[in-house]
Amino acid sequence: MRIWIAHHSDAAWHALRKLAVAPINSLLYLLAIGVTLALPAVGQMLLTNAARLTESTPPAPQISIFMASRADSKATKDVSERLRKHVGVKSHQFLSREETLSRMKGNPDLRDVIDALSSNPFPDAFVVAAADDSHLAMEKLADEFRKWPNVEHVQLDSLWVRRLDALLNLVRTSVILLGVLLGGGLVAISFSIIRMQILTHRAEIEVSQLLGATDGYIRRPFLYYGVLLGLSGGCVAWLLVGAVTLWLRTPLGELAHLYDLVFSLQTLNPRDSALLLGLSASLGWLGAMVSLQQQLGQFR
């Protein structure tokens, strides 16, 4: 066990020395890997923050029914009774036009405009929660409500949430595709770097093979070098994501304030950070393994 630990410690130390011997080249390698990984990582960071915004919306879609301005109290009571007896309606809430007017007057930006009106412009309304909140069932229920007498307008209040979810799913798929493509790019970068290292130490490797060194002994320092390249590049990508977060936090906060939202852009959470570093180290190892498999086979 001690010999195994000693061999791996020696290989890791050799890998660290290779990074330190050519600091300029190593820095350029890490920047290339970091930028490659930062692109999908930034996308994941933005997706996570967008998901935080959607969590504040009502989870169940609702239907708003607006009565016609000519509808009297009897017509409103008839609609309320039909909603109460409807098998597709889970619950409903009545919003009187007076209540809506009072709530709108509570907004300082609208108070003067509303006071200038000669009459109450708001209709009576109902907010309906459906028993089946699937998209097709909601659309069918809304179409039925539109045919009722004295109903002026019917609106699916949470339709925009569904559209936002569809958009987020599209962006999420795009981020995954981008990550796969750039992950392949990271493997190619690691492959090329390890290949140059192998060619540089070709004479040393051939002598070691002649002296009976095993493939595991020869490969170990290069594999650690690939892992360190990937892991260090992942750290650079993590720092770049943090810098992008700080850069965008103020303008996005100002934009959210215009829509009366309290929102602060957050960087990668611990789970995504660990995933970024783990994948970067794994891809660096994979590129090194593929390069070793090809080059050592040619030496034999």
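Just so it is clear, none of the values below were taken in a lab; they were calculated from the coordinates. Computed from a predicted structure; not experimentally measured. Here the Cβ is made from the backbone with ideal geometry for all residues, glycine too, and neighbour counts use every protein chain on show.
Give LYS85/LYS147; LYS90/LYS140; LYS77/LYS105 a once-over and call out the pairs whose C-alpha atoms are over 21 Å from each other. Violating the 21 Å Cα-Cα cut-off are LYS77/LYS105.
Per-residue Cβ neighbour counts within 10 Å put TYR225, TYR29 in the sequence TYR29, TYR225, beginning with the fewest.
Phi angles of region 282-287 translate, via the Karplus equation with coefficients 6.51, -1.76, 1.60 and θ = phi - 60°, into HN-Hα couplings of 5, 5, x, 5, 5, x Hz per residue; Gly and Pro are given as x. When you work out D = kT/(6 pi eta Rh) for region 62-156 at 25 °C and 0.890 mPa s, using the Kirkwood radius from C-alpha pairs as Rh and the Stokes-Einstein form, the result is 173 µm²/s.
What FRET efficiency comes out for the pair GLU152/PHE263, r = Cβ-Cβ distance, R0 = 51 Å, nearest 0.05? Please report the intermediate quantities before stating the final value.
Values: r = 35 Å, r/R0 = 0.68.
E between GLU152 and PHE263, to the nearest 0.05, is 0.90.
What the phi angles of region 135-149 give under the Karplus curve with 6.51, -1.76 and 1.60, with θ = phi - 60°, is a coupling list of 4, 5, 5, 5, 5, 5, 5, 5, 4, 5, 5, 5, 8, 6, x Hz, glycine and proline written as x.
Counting every other Cβ atom within 10 Å of each residue's Cβ, ILE193, ILE24, ILE176 order from fewest to most as ILE24, ILE176, ILE193. What the Cβ-Cβ distance of ALA203 and ILE5 gives, at R0 = 30 Å and to the nearest 0.05, is a FRET efficiency of 0.55.
Using the Cβ-Cβ distance between ASN169 and LYS74 with R0 set to 45 Å, the FRET efficiency works out to roughly 0.45.
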